[in-house]
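Asks: Starting off with a structure, shown below.
The values are calculated or read from the model by the stated rules, or taken from the named source; none is laboratory data. On a predicted model such as this, the values are computed, not experimentally measured, just so you know. With ideal geometry, Cβ positions are generated from the backbone for all residues, glycine too; neighbour counts draw on all protein chains shown. Just the protein is used for accessible areas: all its heavy atoms, side chains included, with ligands, DNA and RNA removed. Shrake-Rupley method; radii C 1.70, N 1.55, O 1.52, S 1.80 Å.
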Amino acid sequence: MTSRDVHDVLNLPSDHSGAPRPSKKQKTSAPRPNLKGLAREVQNLGGDNPIAIVPEVNFFKKRRFATRKPVAKWELKAFTNSARGDDGALVLRHWKRRTDDGAPPVEGAQDGDGQQQRGGGEGTPASEKREEKPEDSAFAKYNVKVVVPHYTEDQYHSNLQNNDWTKEETDYLLELAKDFDLRWTLIWDRYDFTPKPPGGGGDAANGEDTHTAVVPAPKQRSMEDLKARYYEVAAKMMAVQKPAQYMTRPEFELYEMMQNFDPEQERKRKQFALNTLSRSKDEAREEESLLLEVKRILARTERFNEERRELYNRLDYPATDSDINSFKTSAGLQNLLQTLMSTDKNKKRKSIMPGEGVSPSNNSGVPNSAVSETNPANRRESIAASATSNNHHHHARRDSDARTPATPADPTPTSAAAAAAAANKKKGGGAQQQPERRKLTQQEEQVYGVSYHERLGSGPTFRYEKINKLYSHKSGQQQLRITNALSELDLPPRLVMPTAAVTAQFEVLWGAVTALVDLRKMSDRLDGEIKIEEAKKAERDRAKGIAAEKEGEKEKGEGGAGDGAAAAAAAAAGEGEKAGEKTGEGGQTKEDGEKKRPGSSGSLTATGHKRSASVLSAASDKSSKRQKK
Amino acid sequence: MAQQPLPSSVQPTDVYGGDEVSAIVLDPGYINTRAGFAGEEMPKQVLPSFYGHITSSNRDVFGDQAMYPRADFEIRNYMNRDSVVEDWDAATKIWEHALVNRLGIPRPTPPSKNGLNNKPKPAAEGEDVEMADEADLDETENYEKPMAENPLLMTEAAWNSPKQREKAIEICMENWACPAFWLSKTPVLAAFAAGKATALVLDVGGSNTSVTAIFDGMVLKRSVQRSPVGGVWLSSQIRSLFEASEPKVEVVPTFMVENKKPVEAGQPADARLKTFDFQISPSFRAYEEERVLKEFKESVVEVWRGPGRYLAPGNEDYAKNLPGRVFEMPDGSNQMWREQRFKVAEGMWDDNAAFPSATEEGKITKAQTVPGLIKAALDSIDVDVRPALLANVVVTGSTSLLPGFTDRLNHELTAMFPSVKVKLHAAGLSSERRFGAWIGGSILGSLGTFHQMWISRKEYEENGPGIVEKRCK
């Protein structure tokens, strides 16, 4: 036991730790060969640099054949290739290592068919081997064929009719597709369809036609045409064999892809490709440099945004300078935790964009001192929760669960400032973390089966309860109206089969119905108002009519008719010597084409508001009517 | 130790998907006909597609060794300049000669001959094998099924007609009794040899140059472009060069020269020519001259590497300052060739630079130059595959071995398609370039997965020769 060992055990820094410990037993040399007698003496003469001693060899080479097994036997074996599909008509021969003498018959017994066995049984052992069914080529398994849609005559007529394509040509296309394993370049290259002259069979009917001998010129089909037709046929036949709703996902994706094939777009793409190919070197270089520039600009803006965001975060950070004494006891902490939990629950679950800065906890109803004090923890938690609530609730829950026990420990330490700083850092981490979480595209969501939903309550819930909840929020009268509307549509108020999709659809429908009911209510109210206003107007007109009687005969007649617009026009036309402003207003009202009455400018502007309201109600009336339909 | 090859007993045989069935690959071309066993890296037999015909006795002789000056001797070719078989009788004979006599495919001995031959077999007269009209029936019977054990993979030009293809399978099945047959297009195989399934194949061959787009191992028919700009055309350009140069250069084939004395460069030859007591046919003379020109092509001609065309200002002056090459004709006259050696091949790239040709077929248009062919081929196919093709340009054919050819091609292509990545695949090994299609056939024929493709004898018997159109697409 040296002092160093003690140091080692106690994990103390050694005095001269820089020097490496010499290993206990340094092997100075490789293990020496055990030599005896003179040989060892000679060896020792060399000391640490041993003399190389080459053993004496008194033979030149090992005899090659001394230990060798007998020569490997090869035989010329016949084989067939089942991928040819000709039942082994072509028998080729290749050299194979002969297996054990007993082996081939065993193999033959395993896979040879009865006929061959019989043949073998009659022959001599020598001929037996020859007559055995030749083995199948090991390469037959690599034969792969594409699956090309098939259709019967009836299926073609019911599904695949196309003005541009005859059945013969479609057949020809599919045949080519099969021959060339859907390599479109080749299909297009070899596509050479010459339609048969019409009337090959029915010469009586088409006698005149054949005389003219118009051989229809073969159409020039572009590759897009061919593809479009093939995909059309393939997609339709796929749907015929298996309706779209029963398809598995890959099948459906294929189906969708084939259905959405757009030859025009392909053509355009090719045009672009052609342009790209034919651009000159300078153009190519210029494009490249432009792309680089764009990339640089984008990178710069990103960095700039990042910096700005960071700055905002800094600016928005609330000060934590208030008293923390109330939370220094465990009871206080418990209290704090409770408040935090409740705010967290009450808070609207809206994701904080990193740029927004202001934490929602600031708006919550916690006492001010508590807010400012608890902010670090609260903030962090809320961010954690809100960041994750977008994607997975469970994560959010687990996160907050995991963190809540830790919160009591955080504020207790000696300095609240340190805790705040730490939390700040963490918060920054949280903010940075968010952009990292990739937004899934719609397609990816479909692929991974990710769906977003509202926060679930604890325990199991039924979907139809959700709908019941929708009902219960409404007033009795509205409920009645909604039910009426639904029954008009022959829908039960309670869904029979509330699957997710059905519920979602129902919710949409329900939203529409509610909107409709609301609109109707609104339109009713507006109708009422309009009536009242009209009554008022009639009243006023009558009063005015008395006054107008004094002014002139003409006006009185018009006013009595009660047609506002006509009256205004007539008034404007008739009262030429009246004030200019009035005529102007008259023109305006005419333009608007709404029911208006002549009057002072003051009253006109007053009705302007009303008018707009009535327009609105008319519009909403229309829309509600549309919705009703 | 680890570098040692595994012994055959341990070596996995199926790792590379190979499965040898001793198939035979036959690759006929205008200049050469290549034949060999699938799975090997080089064709065992390369014999000229030219053959000798002795008019007096009306028999054909095959092989290089048979081509010596003799009386009533004509040189013919069973292929035409489009790399399509023209004379099927001769083709059958020459192929049979290549496969049976030279490749030595073991064939079953007829019972009458197995060791108990009544009369001694006529000894093989070197390479000068006579196709036996007078051979007895047994013999013909024997010859009729020379390849009953070996599937045959044949190549054809991408523009071969259905009739020709049917003829090919007929010969293979009827005359040779092959168990299986396949017909493949040369550019496809050349692409396979380069290890590509999708490629733009530029085949600069003897009689023509073709550009073909291959997509997933199949020819895109619309893309097939060809022009006569090949080795033979280059020879005619060289002739034009000789005509144009001062003093005129006379091509004296080797067989005419009895002896020669060394002369200074540019001086007239000092050689004694042989005299023959029989007429040398013009075809034989042309064939022999072609051999001299071939040597000239191989040792002197070079492609202007670019950038820019040879005719671009300044380039010619620069070329004049490059070290020249001396070429000595068989008769001893020799000359230094400087910028002419670039100029001769420039017509392949730039129709304005081509020497004016005496014959109509020697003239080429802009579309027939190599860049023109490639452009036309690419323009005729779908936009989407063009970048993939340009990234896999396979260069094959003997004439592409001209020094600087790939450099120039690279320059031309990058100038033509500046925004696309162009990658050339030109085998470094000259034999791989010369026998590209054959090597591809060798690979294809030894693949385990290929055996399901063969047209079997049974299929042929059931469907007739028309099956080749249906199957070999």
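Asks: How do A:Phe139, A:Phe60 rank by accessible surface area computed with a 1.4 Å probe, from largest to smallest?
Replies: Solvent-accessible surface, decreasing: A:Phe60, A:Phe139.
Asks: Tally the DSSP beta bridges in chain B and give the antiparallel ones as a percent, rounded to 5.
Replies: 75
Asks: Right, another one. Output ³J(HN,Hα) for region B:185-202: one whole-Hz value per residue in order, computed from phi by the Karplus curve 6.51 cos²θ - 1.76 cosθ + 1.60 with θ = phi - 60°, and x for Gly and Pro.
Replies: 8, 4, x, 4, 5, 4, 5, 4, 4, 8, x, 10, 9, 10, 7, 9, 9, 10
Asks: Can you give the calculated 222 nm mean residue ellipticity of chain B, where each DSSP H run of n ≥ 4 adds -39,500 (n - 2.57) and the sum is split over every residue, rounded to the nearest 500 deg cm²/dmol?
Replies: Computed ellipticity for chain B at 222 nm equals -8000 deg cm²/dmol.
Asks: Could I ask something else about it? Might you report the magnitude of the Cβ-based charge dipole of region B:231-353 about its Cα centre, with Lys and Arg at +1 and Asp and Glu at -1, to the nearest 20 debye?
Replies: 160
Asks: Right, another one. Of the cross-linked pairs B:Lys93/B:Lys294; A:Lys474/A:Lys521; B:Lys44/B:Lys221, which ones have a Cα-Cα span greater than 21 Å in the structure shown?
Replies: In this structure, B:Lys93/B:Lys294; B:Lys44/B:Lys221 exceed 21 Å between Cα atoms.
Asks: When Cβ neighbours within 10 Å are restricted to other protein chains, what is their mean count per residue of peptide B:443-455?
Replies: Going residue by residue through B:443-455 and averaging, the value is 4.
Asks: Can you list residues whose amide H is under 5 Å from B:Val394's amide H, if they're 5+ apart or on another chain and H is modeled 1.01 Å from N?
Replies: B:Leu200, B:Val201, B:Leu202, B:His425
Asks: Over all directions, average the projected area of the Cα convex hull of region B:231-353 and note it in nm².
Replies: Answer in nm², one decimal: 8.1.
Asks: Apply the a/c threshold of 1.5 to the C-alpha gyration tensor of chain B and tell me whether it is rounded, prolate or oblate.
Replies: oblate
Asks: How would you order B:260-273, A:226-239 from highest to lowest mean count of nearby Cβ atoms within 10 Å?
Replies: Answer by packing, highest mean first, reads A:226-239, B:260-273.
Asks: To one decimal place, what orientation-averaged projected area in nm² is obtained for the convex hull of the Cα set of region B:360-420?
Replies: Computed as one quarter of the Cα hull surface, the answer is 5.0 nm².
Asks: Then there is this: Counting only C-alpha contacts under 8 Å and six or more residues apart, can you give the relative contact order of chain B as a whole percent?
Replies: Value for chain B: 20 percent.
Asks: Which ³J(HN,Hα) values in Hz, rounded to whole numbers, follow from the phi angles of region A:86-99 under the Karplus curve 6.51 cos²θ - 1.76 cosθ + 1.60, where θ = phi - 60° and Gly and Pro get x?
Replies: Result, ordered by residue: 10, 6, x, 6, 8, 10, 10, 10, 9, 7, 9, 4, 6, 6 Hz.
Asks: Give me, ordered by chain and number, the residues 5 or more places off B:Asp270 or on other chains with an amide H under 5 Å from its own placed amide H.
Replies: HN-HN under 5 Å from B:Asp270: B:Lys261, B:Ser333.
Asks: What list of ³J(HN,Hα) couplings, whole Hz, do you get for region B:21-29 from phi and the Karplus terms 6.51, -1.76, 1.60, once you set θ to phi - 60° and write x for glycine and proline?
Replies: Here the 3J(HN,Hα) series is 10, 6, 6, 10, 10, 10, 10, x, x Hz.
Asks: Continuing with this model, one more query. Too long at a 32 Å Cα-Cα cut-off: which of A:Lys242/B:Lys458; A:Lys145/A:Lys196; A:Lys141/B:Lys185; B:Lys167/B:Lys423?
Replies: A:Lys242/B:Lys458; B:Lys167/B:Lys423
Asks: Distance cut-off 19 Å, Cα to Cα: go down the list A:Lys281/B:Lys366; B:Lys343/B:Lys366; A:Lys281/B:Lys375 and report the pairs above it.
Replies: Correct reply: A:Lys281/B:Lys366.
Asks: On average, how many beta carbons from a partner chain sit within 10 Å of the beta carbon of a residue in A:182-191?
Replies: 5
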